[in-house]
Amino acid sequence: MKGISRRKFLKGAAILSGAAAFNVSPAFLKYGLGEQPIKWGSLHPLTGGLAEMAADQKLAVEIAIEDINAAGGVMGRPVVGVFRDTEFSGEVARRKAVELMEKEKIDLLAGALSGPEELALNDLAKKNNIFYGCYTQYMVDSKDTFHKYTFTANVTPFQSAAAGAIWAAENIKGKRWHLLADNYSWPKMFVPVYERIAKQRGADWTGVTWAPFPSTDYSSYIPKVQAVKPDVLFCVCWGSGHINLIKQLQEFGVAKDIKVLFAVSDLPWAVAAGPGKFSDIHAGMLWFWGLEKKYPATKEFNKKFFAKQKRYSAAYGCASYELTRMTLDTAKEIKSLDHAKLSKALEGHKFKYLKGETWVRPCDHDYIGEFFIVKGKPANKMANNFDHYDLVYSVSGEDAAMPCGEKGL
Amino acid sequence: MEAIIEFFGRLAEIPANTWITQVYLGLVNGSVLILLALGLTIIFGLMGIVNFAHGTFYMTGAYLGWLTLRLTGNFWIALIVAPILTGLLGAGIELTMLRRVYNKRESVYLGILITFGLSFLGPDVMRFFFGKTGLPYVTPALLDGTAFSIAATNFSRYRLFLIGSAFSLILLMWLLLKKTNLGLIIRAGISNSRMVEVLGIEIRNVWTATFGLGTALAALAGVLVGPIFAVQPTMGDMIIIQSFIVVIIGGLGSLIGAVISALIVGQVLTLFPLLPHLQQLADVVIYLLMAFVLLVRPRGLFGEEGVGE
């Protein structure tokens, strides 16, 4: 240590210690008294088959937090997102949520893209009597799973199915309905809804063609579907199966003779299928970027998202943005992060973010908002790589929701 | 007895064009499996390596095909370039990784571990460079649409092309193996690689070329399925399982076994959804078939005794 004086060494050590202390110090020392950040714990499957959608969710949450902080934060405090990767596993989601609660001391918990993650986090929240914000399709609104502090800005499988069935009943002359779906639990939730609405609306329900899950090739099932001669073919599948089915339906010219509706679809799959592959096919969507023509707030969101990702967000990005905003804006309004008070305030509260007015139904916490039906464009009508659809119909949230009394809640 | 009569009765009700369509689609599935299984069985037969990364090379071929298509706008160039590039990559991996473990104890297991590791690495590399969801392929205009129809079954140009490509490859492979010196060495190596070495032939170079050839075949399958299947990082996961089943049913190291077995499995996968009361077994029927073949004939339909033990 020749050449360094004792004075210089002590000075340097003090600076280093101060910097280290600053980093490990309690937040109020970092931010100043009264500015301790609010920690929004957010879990997404950032690795695994749905990683791109999860990345959209995460970025949408970050944009929501930026927007909230730009408006002064919550109770004068900035919001900070604390993110974890669920690795597309319910068990990992639970473990990391516990870590967020115990080590990071988050104020609010949110997350999930898949059913197992949602079930695990909802169960954890229920056992600990804490708030849980669900980003994905809301499937915990039954008597056994309902938790008074769980909220969502996404629809239920019932709403997705009902919206598509209502569109078919009101717009398609032919009344023979059929379903082609992957054979696992989520698509199975759609069947009783189609049966119910077919009965209510005088449609002829011809049944289901089940394909193994996961499937790369649906071509073996297409002749079976064509043999039924449906007027409307509902399709329920996810991820790579969705992309495969879009390509193969086009290849076999199914959409020329039959009205095809994917009950739930999203932009990344249309992009992956290729330009024009969605042509003449319909899909139900919670949201898509093209709504910017109707809603200025969507245009703002699209700008921010595109600036960072060079593409538009999946619909699940919208759900994550809206859930984050509605929760934290409500906390700001009532000046409290108490989970019971927050939950009470969210019930029945009306919001307007990336689409028309939405609200949370008090009886079951169903998210009530427009659900959109889009129609695919041919390749020569697409303005850019993302311009796959036109908006052709929308179903109101109330019309598509299961009546409260039926759930026994 | 009544159930059997009812079963056959319902089978008879299925229209003829549905059967025709399913058999045709089964031939398409079988053709893809032929390309994958040929590569897998050549590599195993000559080198004794169970290539768990075969699905990754299939996926790599699809991605390199997409990239070539994007750069050149020409599907035919992609069909040639992507397998060549993937074959070179495969040869490089054999030279730099697999060759290091041949003389070690437990080389078989080390080879498995290396290829298993590659099967995880490959998709993540593709996600990093190409994104996580998938890449769009466009069917070449020449092959778009229906070629002809028989009894209301539409035979798409592209799928007929796929079948034709697979059978052309079988012919080329037969010519390579039967009519060339390299083929002679490969066949001799499959039979007894030690003897080939003793005769002064540098068997390791043959291994490198064979591994490259096997991975090139997988890549070709990847490019061919691009217009009809989703091209994404996990596209190799399911088909590699089916390919292994084909190779096991056909017999490890047997080329004719790989071809016949691929055609059988392709038909089973496509016809089972038609069968009354048996559709639920469509998910698992090929595993049941493999189990049955192993019980009845453990070395596979065309396998030789001692190979793979």
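The values are calculated or read from the model by the stated rules, or taken from the named source; none is laboratory data. Note that this is a predicted model, so its numbers are computed, not measured. Because the Cβ atoms are built from the backbone with ideal geometry, glycine has one as well, and the counts that use them run over all protein chains shown. With ligands, DNA and RNA removed, areas are computed over all heavy atoms of the protein, side chains included. Shrake-Rupley method; radii C 1.70, N 1.55, O 1.52, S 1.80 Å.
FRET efficiency for B:F128 and B:F148, Cβ-Cβ distance as r, R0 = 41 Å, nearest 0.05? Efficiency at R0 = 41 Å is approximately 0.40.
Residues whose amide H falls under 5 Å from that of A:F262, counting only those 5 or more places apart or on a different chain, are A:C235, A:H282, A:A283, A:G284, with hydrogens built in the peptide plane. Put simply, when B:206-212, A:156-162, A:281-287 are sorted by average Cβ atoms within 10 angstrom per residue, most first, you get A:281-287, A:156-162, B:206-212. Dipole check for the protein assembly as shown: with +1 at the C-beta of Lys and Arg, -1 at the C-beta of Asp and Glu, and the Cα centre as origin, the magnitude is about 1980 Debye. Each label point is 7 Å from the Cα along the Cα-to-Cβ direction; what then is the distance between the points at A:K143 and A:K103, in nm? It works out to 4.1 nm between the two label points. Close amide H contacts of A:Y135 (hydrogens built in the peptide plane, cut-off under 5 Å, sequence separation of 5 or more or a different chain): A:G111, A:A112. Of the peptides A:299-305, A:45-51, the ranking by mean beta-carbon count within 10 Å, highest at the top, reads A:45-51, A:299-305.
Entry comment: accessible area of the stretch A:179-257 is 35 Å² per residue, from protein heavy atoms only and a probe of 1.4 Å. Across chain A, Cα-Cα pairs more than 33 Å apart make up 35 percent of the total. Only DSSP H runs of four or more residues enter the estimate; each adds -39500 (n - 2.57), and after division by the residues of chain B the mean residue ellipticity at 222 nm equals -24000 deg cm²/dmol. Counting Cβ atoms of other protein chains within 10 Å of each residue's Cβ and taking the mean over peptide A:220-230 gives 5. Look at the stretch B:15-23: the mean tally of other chain Cβ atoms within 10 Å of its residues' Cβ atoms is 3.
Ranked by the mean number of other Cβ atoms within 10 Å of their residues, highest first, the peptides A:95-107, A:74-86 come out as A:74-86, A:95-107. Cβ screening of the protein assembly as shown for cysteine pairs under 4.7 Å finds these without a partner: A:C134, A:C235, A:C237, A:C318.
The phi-based Karplus calculation (6.51 cos²θ - 1.76 cosθ + 1.60; θ = phi - 60°) puts the 3J(HN,Hα) values of the stretch A:252-266 at 8, x, 5, 5, 6, 9, 10, 7, 9, 10, 7, 4, 9, 9, 7 Hz, whole numbers, x for Gly and Pro.
Heavy atoms of chains A and B lose about 2400 Å² of accessible surface on contact, summed over both sides with a 1.4 Å probe. Separation of the alpha carbons by more than 28 angstrom is noted, of A:K148/A:K175; A:K293/A:K332; A:K303/A:K377; A:K103/A:K341; A:K8/A:K103; A:K143/A:K304, for A:K148/A:K175; A:K293/A:K332; A:K8/A:K103; A:K143/A:K304.
The label point for B:L281 and the one for A:R201, both projected 7 Å from the Cα toward the Cβ, are 3.8 nm apart. Peptide B:229-238 has a mean shielding of 6, counted as Cβ atoms of other protein chains within 10 Å of each residue's Cβ.
In this calculation the C-beta distance from A:K173 to B:L71 is compared with R0 = 35 Å, giving a FRET efficiency of 0.15.
Relative to the Cα centre, the charge distribution of the stretch B:2-296, modelled as +1 at Lys and Arg Cβ and -1 at Asp and Glu Cβ, gives a dipole magnitude of about 820 debye.
A straight line joining the Cα centroids of the stretch B:163-206 and the stretch A:215-238 runs 43 Å. When the convex hull of its Cα atoms is viewed from all sides, the stretch B:2-296 shows a mean projected area of 17.5 nm².
Looking at the square roots a ≥ b ≥ c of the eigenvalues of the Cα gyration tensor of the protein assembly as shown, which shape do they give, rounded for a/c under 1.5, prolate if a/b is larger than b/c, or oblate? Judged from the Cα gyration tensor, the protein assembly as shown comes out oblate (a/c at least 1.5, b/c at or above a/b). The B:L294 and B:V108 beta-carbon pair, evaluated with R₀ = 25 Å, returns a calculated FRET efficiency of approximately 0.80. Note on B:A141 and A:F9: the model spin-label points, each 7 Å out from Cα along the C-beta direction, lie 7.9 nm apart.
Average accessible surface for the stretch A:283-377: 36 Å² per residue, computed with a 1.4 Å probe over protein heavy atoms with every protein chain in place. Accessible surface for chain B, divided over its residues, is 46 Å² per residue with a 1.4 Å probe.
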